[in-house]
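Every number here is computed from the coordinates shown, using simple stated rules; none is lab data. Fair warning: this is a prediction, and the values are worked out from it, not measured in the lab. Every residue, glycine as well, gets a Cβ built from its backbone with ideal geometry; the counts of neighbours run over all protein chains shown.
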Amino acid sequence: MGNVREKLSSPAAARNRDPILDVLKVTLPREGTVLEIASGTGEHAIHFTGSLTPLLWQPSDPDRACRHSIQGWWWDVQLNNILPPLNLDVRDDPWPVETTPPEQPITSIVCINMIHISPWEATESLMRGAGRILPKGGILYLYGPYKENGEHTAPSNEAFDRSLKERNPEWGVRNLEDVVAEAEKNGLTLLRTVDMPANNLSVIFEKN
Ligand SMILES: C[S@@+](CC[C@H](N)C(=O)[O-])C[C@H]1O[C@@H](n2cnc3c(N)ncnc32)[C@H](O)[C@@H]1O
């Protein structure tokens, strides 16, 4: 990676990274490449890969400033199990990893805090891509706030949902059942959910 040091920082990532890592440690396959969708600042990638070796981690984000930030954080640690960030928008078809696959096959996909901060189309595309790419037994890990049976699970999530929709009417906290239905259309079965701090959920799917 180049010597680009425009590091961005996310207070939310600093708070949620350890609880997420605890779940990833018992969820991700032990071999292959993890494709991270919407890596954002890159702080998760750096934090997780120190503990998840020898898995390879492929960060990605469609935002150029984020990709520079990922490179900046990488430069500090220079971990050789993190690949250079890809410019990947889930709405692309095919995804760049389909035309140029990583040396080790992708066995899991991790996507943290994206599906509520993007139009529903992004969730549909994420599920289609995961369905295309993951091998049988491959894992899709999602993290974020969810409604359950159409209801918010906490007043703070309801307020967050309102603020998201003010920023963009197409954004919003998703209904878990809708996300599961979209996954099932693409050959992904819900394995389990894990309650996380601050009324978030880990949502884990397996490819059939
Ligand atoms: C709230 S940030 C989360 C970043 C990081 N995962 C984290 O938790 O700190 C949302 C991220 O989703 C990315 N994103 C939005 N739309 C996307 C799309 N269509 N495909 C891939 N990433 C997208 C944005 O660029 C941004 O980095």
Taking the beta-carbon count within 10 Å as an exposure proxy, list Asp92, Asp195 from fewest neighbours to most. Asp195, Asp92
Apply the Karplus parameterisation 6.51 cos²θ - 1.76 cosθ + 1.60, with θ equal to phi minus 60°, to every residue of the stretch 116-121 and state each ³J(HN,Hα) to the nearest whole Hz, in sequence, with x for glycine and proline. 8, 10, 6, x, 3, 3
For the stretch 11-207, what is the charge dipole size about the Cα centre, in debye to the nearest 20, if Lys and Arg each add +1 at the Cβ and Asp and Glu each add -1 at the Cβ? 260 debye
Stretch gain in nm, segment Trp75-Glu158, where the contour uses 0.36 nm per residue and the Cα spacing is subtracted: 26.1 nm
Lysine pairs in the chain with Cα atoms under 23 Å, if 8 or more residues apart or on separate chains: 7
Which GluC sites (Glu not before Pro) in the stretch 100-167 pass both tests, a DSSP loop state and at most 12 other beta-carbon atoms within 10 Å? Glu103
Would you grab the residues whose amide H sits under 5 Å from the one on Asn175? Only those 5+ places off in sequence or on another chain, please, with H modelled 1.01 Å from N. Lys147
What is the calculated FRET efficiency for Glu151 to Glu121, with r their C-beta to C-beta distance and R₀ = 30 Å, to the nearest 0.05? 0.80
